[in-house]
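Chemist: So that we are looking at the same thing, I have put the structure below in structure tokens.
Nothing in this text is a laboratory measurement; each read-out follows from the coordinates by a stated rule. Here the structure is a predicted model, which is why all the values come from computation and not from measurement. Cβ atoms come from the backbone with ideal geometry, glycine included; neighbour counts cover every protein chain shown.
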Amino acid sequence: MTEEPMIFEQWTPTTTPEALNDDKIPKPDDKPKPKRSTNIKRRHQNTYRRAFSEMRLLDLCMDEFPFQDGDSYHFITGGDVDGLSYLKIILRQQDLDYCLMSTWCMASEDVYQIEDYLKAGKIKKMDVYVGEIFPGTYRLEYALLKPMIESYGGRVAVFKNHSKIFAGYGDKFHFGVETSANVNTNPRVENGCITIDKKLYEFYREYFDGIVSFDK
């Protein structure tokens, strides 16, 4: 079903942690400090779907093709649905000039799947952002992923990361995918959202481009 348009308002705190200390109250001419968290506000139509297998997820999304600019598609999922499932949905509609991926972890099979997309030209360039445990706990996956991504002009950045995001663009549309699921499959219930919107893509691209990797 399709809900009425929703407006998400931006909330800005009136009291900063610095202002709680009287002798450190910011002065009007002080330069603003960089924000650790950020958000955007937007208006769109929402579509809601449930899927408890990857094939069911793909079938449901086929009903929505072609995706409409400004719309969001929300999912509650389970079974074999993981973060990479959402990328498959996007690639069913268009090849990508660029894609960024953020995940806590992934399996070696997922690395090979990404490599197949790059070799086939389905994705021309990709940046990957992983959690700080990834190089040590997922050594094989990291050893496979880093040189492969770099060979296609991208980078692998390691930092204190637990976000699960895809964002990118092709000839037809820009998009952002937000999900609780990592790239590797697990049997847990997860949520996900695909939003077709250039501003959302730019929102995530600007943030992740500024990440400095732990791994030099």
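Chemist: Distance in nm between label sites at residue 202 and residue 59, each 7 Å beyond Cα in the beta-carbon direction?
Modeler: Modelled inter-label distance: 3.9 nm.
Chemist: If you bin every alpha carbon distance in the stretch 72-216 into 10 Å steps from zero, what whole percent lands in each bin?
Modeler: Binned Cα distances yield the sequence 12, 46, 37, 5.
Chemist: Also, quick follow-up: In the stretch 146-163, whose amide N lies under 19 Å from the spot 7 Å out along Cα-to-Cβ of residue 188? List them in ranges.
Modeler: Backbone N within reach: 160-163.
Chemist: Quick check on the exposure proxy: order 132, 178 from fewest to most C-beta atoms within 10 angstrom.
Modeler: The most exposed by this proxy come first: 132, 178.
Chemist: What FRET efficiency comes out for the pair residue 160/residue 139, r = Cβ-Cβ distance, R0 = 22 Å, nearest 0.05?
Modeler: That gives a FRET efficiency of 0.70.
Chemist: Further question on the same structure: Can you compute the modelled spin-label distance between residue 125 and residue 215, with each label point 7 Å from Cα toward Cβ, in nm?
Modeler: Once both label points are built, they end up 2.0 nm from each other.
Chemist: Using a 7 Å offset from Cα along Cα-Cβ at residue 46, what residues in the stretch 59-74 end up with backbone N under 12 Å from the label point?
Modeler: Zone members listed by number: 72-74.
Chemist: At 7 Å along the Cα-to-beta-carbon direction for both residue 108 and residue 150, put a label point, then send me their distance in nm to one decimal.
Modeler: Modelled inter-label distance: 2.1 nm.
Chemist: Related question: Which of the three applies to the stretch 118-201, rounded, prolate or oblate, going by the alpha-carbon gyration tensor with a ≥ b ≥ c and a/c under 1.5 meaning rounded?
Modeler: Since a/c reaches 1.5 but b/c is at least a/b, the shape of the stretch 118-201 is classed as oblate.
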